[in-house]
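The values are calculated or read from the model by the stated rules, or taken from the named source; none is laboratory data. These numbers were taken from a predicted model, which means no experiment stands behind them. Cβ placement follows ideal geometry from the backbone for every residue including glycine, while neighbour counts extend to all protein chains displayed.
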Amino acid sequence: MKIDSHQHFWSFEAMEYPWINDNNSSLKRNYLPADLLPELLREGFTGCVAVQAREKIEESTFLLNLADHDPFIRGVVGWVDLESANVARDLSRLSNHPKFCGVRAILQDKADDYYMLRPDFVRGIAALQIFDLAYDLLIFPKHLKPAIELVQQFPHQRFVLDHIAKPRIKDQVQSPWDEDLLALAQSPNVCCKLSGMVTEANPNAWQQQDFTPYLETVWRAFGPDRLMFGSDWPVALLAGSYGDVVGIISKFLHSKSESDQRKVWGENATRFYQLKP
């Protein structure tokens with residue numbers, strides 16, 4: 001069983017996806033389940049988790065509708081306004097769907113690096129616990145310190161770090177990302193996705209060894225029980241094919257035990273997101 005724990009779908013409209021611009025213009029088209037399925041099958045994946053790409057409640061409904069029609073979409077990480085007075089109502093409605101498994105906000109784009117510690121946002125995280133939903137942390141290295149504080153406030157909340165916090169792979173800069181990542185991993189309620197790395201490297205000239213020190217740090221921090229593969233398709237297509245992204249992780253895992261490889265390729269994602277068969 002192999003699960004891609006992180007990918008996106010959209011029916012492209014410029015007003016809906018302002019982050020898709022002339023700098024990543026190849027993304028200005030529809031990317032839907034029929035586009036992803038051949039890639040999954042080619043690499044031996046049996047399912048995926050669709051993750052929000054818009055900060056609208058309609059995004060959650062859109063992804064759940066896709067999941068209703070395409071059973072290989074095993075889970076949906078949607079969006080709700082965690083700071084809204086109606087957050088419990090929204091979570092209650094969405095969590096009635098068996099594939100709604102988590103929530104994400106685009107914290108990396110907030111002007112305030114400590115946005116996630118604002119009282120209203122923290123109250124929203126508390127609401128996630130009530131409905132037993134996971135939370136995806138989409139952040140840059142500069143946000144790791146407030147993330148450490150956030151996850152420590154909620155030791156029973158499931159968190160997962162997206163894209164290993166987007167370190168500066170292109171420039172081969174590790175500190176202080178590495179120290180802060182190790183500190184975050186001290187909280188056992190936090191997992192990490194091996195995703196989003198290829199677009200942080202030199203998009204035209206990356207090599208396998210560019211990722212090795214970062215992968216070794218993440219492995220040391222989280223170990224085989226708290227890591228999961230994610231492609232970040234179709235964003236990853238800006239720097240490589242689906243097979244390229246799978247290959248980076250496959251080559252790194254080659255020396256690991258079969259048991260550890262199974263965990264990273266699918267068992268951990270299934271357990272973390274509580275994916276249904």
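Within region 41-64, residues that are over 19 Å from W19 (Cα atoms) and in contact (Cβ under 8 Å) with a residue 60 or more places away in the chain have Cβ atoms under 8 Å from residues that are of a type in the set (G, A, S) and surrounded by fewer than 17 Cβ atoms within 10 Å (Cβ to Cβ) in these pairs: R42/G243; E43/G243, counting only partners at least 6 apart in sequence or on another chain.
Within region 219-247, the residues that satisfy the criterion of being over 28 Å from A67 (Cα atoms) and surrounded by 14 or more Cβ atoms within 10 Å (Cβ to Cβ) are W219, A221, F222, P224.
Number of residues in region 229-254 that are over 20 Å from I20 (Cα atoms), part of a helix (DSSP H, G or I) and among the aromatic types (F, W, Y): the value is 1. The set of residues in region 139-166 that are surrounded by fewer than 20 Cβ atoms within 10 Å (Cβ to Cβ) and aliphatic (A, V, I, L, M) contains only I148.
When K110, K99 are checked against the criterion of being among the basic types (K, R), over 24 Å from Y242 (Cβ atoms) and surrounded by 15 or more Cβ atoms within 10 Å (Cβ to Cβ), K110 stands alone in meeting it. Answer with yes or no whether P18 is of a type outside the set (F, W, Y), outside any helix (DSSP H, G or I), surrounded by fewer than 19 Cβ atoms within 10 Å (Cβ to Cβ) and free of Cβ contacts under 8 Å to residues at least 60 places away in the same chain. The answer is yes for P18.
So that you can scan it fast, the table gives a plain yes or no per residue for (1) among the β-branched types (V, I, T); (2) within 28 Å of F131 (Cβ to Cβ); (3) more than 16 Å from the chain's Cα centre (by Cα); (4) modelled with pLDDT of 95 or more:
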| position | (1), (2), (3), (4) |
| --- | --- |
| F154 | no, yes, yes, yes |
| R158 | no, yes, no, yes |
| P176 | no, no, yes, yes |
| N189 | no, yes, no, yes |
| A201 | no, no, yes, yes |
| R220 | no, no, yes, yes |
| S231 | no, yes, no, yes |
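Of all residue pairs spaced 6 or more apart or on separate chains, those with beta-carbon atoms under 8 Å, a first member in region 225-237 that is touching a residue at least 24 places away in the same chain (Cβ under 8 Å) and at positive phi and a second member that is of a type in the set (A, V, I, L, M, F, W, C) and not in a loop (DSSP other than H, G, I, E, B) are D232/V198; D232/V245. Among the residues of region 255-276, the ones that are outside any helix (DSSP H, G or I) and touching a Ser or Thr at 6+ places or on another chain (Cβ under 9 Å) come to 1 in all.
Residues of region 248-267 that are among the acidic types (D, E) and surrounded by 14 or more Cβ atoms within 10 Å (Cβ to Cβ): D260, E267. Within region 72-122, the residues that satisfy the criterion of being in contact (Cβ under 8 Å) with a residue 40 or more places away in the chain, within 15 Å of the chain's Cα centre (by Cα) and farther than 23 Å from Q152 by Cα are I73, R74, G75, F100.
Do we find that D113 is modelled with pLDDT under 95 and more than 29 Å from P98 (Cβ to Cβ) in this structure? Spelling it out, it is not the case that D113 is modelled with pLDDT under 95 and more than 29 Å from P98 (Cβ to Cβ).
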